[in-house]
1. For residues in region A:140-183 being at positive phi and either open to solvent by less than 10 Å² (accessible area, probe 1.4 Å) or within 16 Å of the chain's Cα centre (by Cα) (or both), which is nearest to the other protein chains (Cβ to nearest Cβ)?
2. For region B:33-79, how many residues meet the condition of being of a type in the set (Gly, Ala, Ser) and under 22 Å from the mean Cα position of the chain (by Cα)?
3. Could you tell me whether any residue of region A:103-114 is under 16 Å from the mean Cα position of the chain (by Cα), open to solvent by less than 10 Å² (accessible area, probe 1.4 Å) and not small (Gly, Ala, Ser)?
4. What's the total number of residues in region A:228-237 that are part of a loop (DSSP other than H, G, I, E, B) and either among the charged types (D, E, K, R) or touching a Pro at 6+ places or on another chain (Cβ under 6 Å) (or both)?
5. When the residues of region B:239-251 are filtered to those that are touching a residue at least 12 places away in the same chain (Cβ under 8 Å) and out of contact with any strand residue (DSSP E or B) (no Cβ under 7 Å at 6 or more places or on another chain), which remaining residue is nearest to residue B:119 (Cα to Cα)?
6. Considering each residue of region A:45-59, count those that are part of a loop (DSSP other than H, G, I, E, B), more than 14 Å from chain B (Cβ to nearest Cβ) and open to solvent by less than 10 Å² (accessible area, probe 1.4 Å), and give that number.
7. Please go through (1) assigned to a helix (DSSP H, G or I); (2) closer than 20 Å to residue B:71 by Cα for residue B:318 and return the number of the only condition it doesn't satisfy.
8. State yes or no: is residue B:301 touching a His at 6+ places or on another chain (Cβ under 8 Å) and among the hydrophobic types (A, V, I, L, M, F, W, C)?
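The values are calculated or read from the model by the stated rules, or taken from the named source; none is laboratory data. None of these values were measured; they are calculated from a predicted model. Positions of Cβ are generated from backbone atoms using ideal geometry, with glycine treated the same way; all protein chains shown enter the neighbour counts. Heads up: the accessible areas ignore ligands, DNA and RNA and are worked out on the full protein's heavy atoms, side chains in. Shrake-Rupley method; radii C 1.70, N 1.55, O 1.52, S 1.80 Å.
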Amino acid sequence: MHKNPYALALSKKKRPLFVPFTVLGDPDKKTSLEIVRTLVESGADALELGFPFSDPPADGPVIQAADLRALTSGIRINDCFAMLKEIRTFTDIPIGLLVYYNLILQRGVEKFYHDCKNSGVDSVLVADLPLEHSSEVLSAAKAHSIAPVFLVSDVTSDERLQKISQIAQGYLYIVSYLGVTGATSAQPHEKLHALITRTRKFTDLPLIVGFGISTPEHVRAAVGAGADGVIVGSRIVREIPDQKAIQEISCELQHGFVSPNLS
Amino acid sequence: MKTLGQFPSADPSRPFGGCYVSELLIPVLTEVEQAFLQYKEQPDFQNELSTLLKEFAGRPTPITEMKHLSKELGCKIILKREDLLHGGAHKTNNVLGQALLAKRMRKKELIAETGAGQHGVATAMAGALFGIPVKIFMGAKDIERQHPNVERMKLFGAEVISVNSGSQSLKDAINDALRYWTAHSATTYYVFGTVAGPHPFPSLVAHFQRVIGDEARVQCLERYGKLPHTICACVGGGSNAIGIFKAFIDDSDVRLIGVEPAGEGIATGKHGAALGEGRPGSLHGSYSYCLQDADGQILEAQSISAGLDYPGVGPEHSFLKDSGRAQYISVTDDQAVAAFLTLTKKEGIIPALESAHAIAAAEKIAPTLTKEDILLINLSGRGDKDIDHVLRTLRNHA
C-alpha cells in the first residue's frame, strides 16, 4: 500500500496545508496552466482542481461562473486530463480532483479512474455522490490507487461519519458551514471545532477545511479549530485571470498559519 | 434513507432514480422521506389533504368529450380537466400534499423552482393559505415570458428570485433552489415541482399526482363503461403524465403515450426531447434520460413552452420507456400553437401551451383508433398565462 500523500505532505510541512482550488480550463487552457503554476509557486502544499461542469449545484456563483468560462472556451474532459499530465511535469505535490458524477458516468467509471491514475491524480471527490451510491466508484478508485475523498459537515450523523471514515482515503473534506462554496461570512468557530473533534474520533486522516475560507482570519480560525489544512476556492477564482492578485492572496492567506501571538 | 427510490433500467447495476446529491443534502432528504412514509397513510393527514383538494382546489375535476375534435379525428377525444383545478394546473395537487407535509415537519419556509410559473403560483398560493413565507426561484428568461404568473406569485406574497445563471430557465432555477436549500435545510422545505430530482421526490410527487388518473379511471368507467384505449399527456419533468398514467399501469391493454417538446424541430437540435433524443445520465439528483454532450455536460433544452423546457425527465418515465410500457413521441412548437388555437376556437377551451402538446399529439395517435375507442388526454393546465406569448409568436410568423 502506498503512503497517503496528504499525510506525507503534512509531516514534511510541519504546519497545516494550504490547498488552493481552481477550475481546469478557466478561463482557457493556456491561462489555466499558468494559474496552476502560479499557485504552486505561491506555496500550495496540494492542489484541488475542478473539472468544469454545466450544472454544479454544490458550488456557489463564483465557481459556477468559472465552470462556464472554461466550457465556453471549449474545454473538454480530454483536455482536462491532458492538462493534468502537463501539471505533473512541474510539480509533485498531491493533486485532488473535484468532479460531478455525470462526467465520471459518461466517460465510464473504470476509464475515468484509469485516466486519473495515468495523469498523476492522487484523490477524487465526487461532489454529488453520497455514500449510498459510491460502491462502484470505490472499487474503481481502489483498483487504480486513487484516494476517494468525502465531504463531512455539521449535519453528518455519527453513523455516517463512521461509515465515511471506513471508506475514505487521502483526507476528509470538512465543510465549514452549510451551504455552497464561496460564502464569505465569518466562520462558526465553535461549530467547526466541535465537528473536527467529533470527526477526529473516527479517523486519523488529515482533516482539511473548505467552503468560504477567504481571509487569513478564516485560516487562523480553521487551524485553531484543529484543521490540518484549508482549501481555498472562490477567493482565488474570483481574481482569475489576474495572476499577481492570485499570488498576493495566496501569500496573504498563508499568514493565517502563523499565530498572531508569535509574530 | 429507507430506499433509494430506484426504478429498473436496462442495466441492472444502474437503476433509474436514486439520490445523487451532495452529502450535505442527505440529512434533509432523509427527513423528508421519513415524514412522507410516516404521514402518507395516516388518516388525519389523508383527511386534511382530501378536504383541501375538494373544498379549496375543486376536485374532482371533470372529464369532457370534445365533440368537434372527436368527429375530425375519428375517435372519442376525452379531456381530463386539470385546467379547471384552482391555480390553473395540476401542480396544485402536489403542492397541497407537500405543504401539509412541510407543516407537519414544522418547517418555517417553503421554496420552489418554477418554469412556466404554474408550480410557483401553486406554491405561493399554498404559502398564503397556510401562512408560510415562500421563495420562488425562476429563470430570468421564464420571468419574461410568463409575466402574468410572476404577478400572481407576488400577489400571493411570495418572493420571486430571478435566476441569471446558465440557460436562465428551469434547470438553473432547480440548481439555485438546491443551493439555497443546502444552506437553509434546517428551517426550509423544498416543494419540488415534478417527478424528477433526488429521491424521495419522484415517488412523493407521483403519489400526490396520481389522484388525476385515479379519478379519470373511475370517470371513464362510469360514463363510458370502459377504459380508454390510449392515454396521452405532455412530458417536461413529467408529473402530470405520471399522475394520469399511474392508475392505468396495470391495465396492460391501455396504451400510454408521453409527448415531449420537439421545439423548432428535432433535426434543428433546438428541442427538449430528453427521452427521445437524450441518454441516461445524472442530473439534479437522479439517474434518468437527459440531453447531454459526449462528455456529459448538460445541454440546454428549448421549447416555446416554459414548462417543458427542461433537459431532464423524471426517472419513472425512463423506466416506462425502457420497459416499453409507455411510448414517447414529440410535437413541435408550431404544432403546439396550432393545437392551442384549435382547442380555443373549436372547443371553447384555452389550453396551456404545455398541454397543447398533448392535444397536438392526438392527431398523430388518432389514426390507430376506431370511432368508439377513447383517447384520454390530460389537459394539465389552462392557457391564460400563454395568451400574450402565443399572440406575439403569431405576429412574428405573419
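1. So the residue we want is A:179.
2. Total meeting the criteria: 3.
3. Taking region A:103-114 and keeping what is under 16 Å from the mean Cα position of the chain (by Cα), we get none.
Scanning region A:103-114, I find no residue that is under 16 Å from the mean Cα position of the chain (by Cα), open to solvent by less than 10 Å² (accessible area, probe 1.4 Å) and not small (Gly, Ala, Ser), so the answer is no.
4. So the first thing to find is which residues in region A:228-237 are part of a loop (DSSP other than H, G, I, E, B), and the list is A:228, A:233.
Next cut, either among the charged types (D, E, K, R) or touching a Pro at 6+ places or on another chain (Cβ under 6 Å) (or both) only: A:228.
Qualifying residue count, region A:228-237: 1.
5. The selected residue is B:239.
6. Of the residues in that region, 1 qualify.
7. Single failed check for residue B:318: (2).
8. yes
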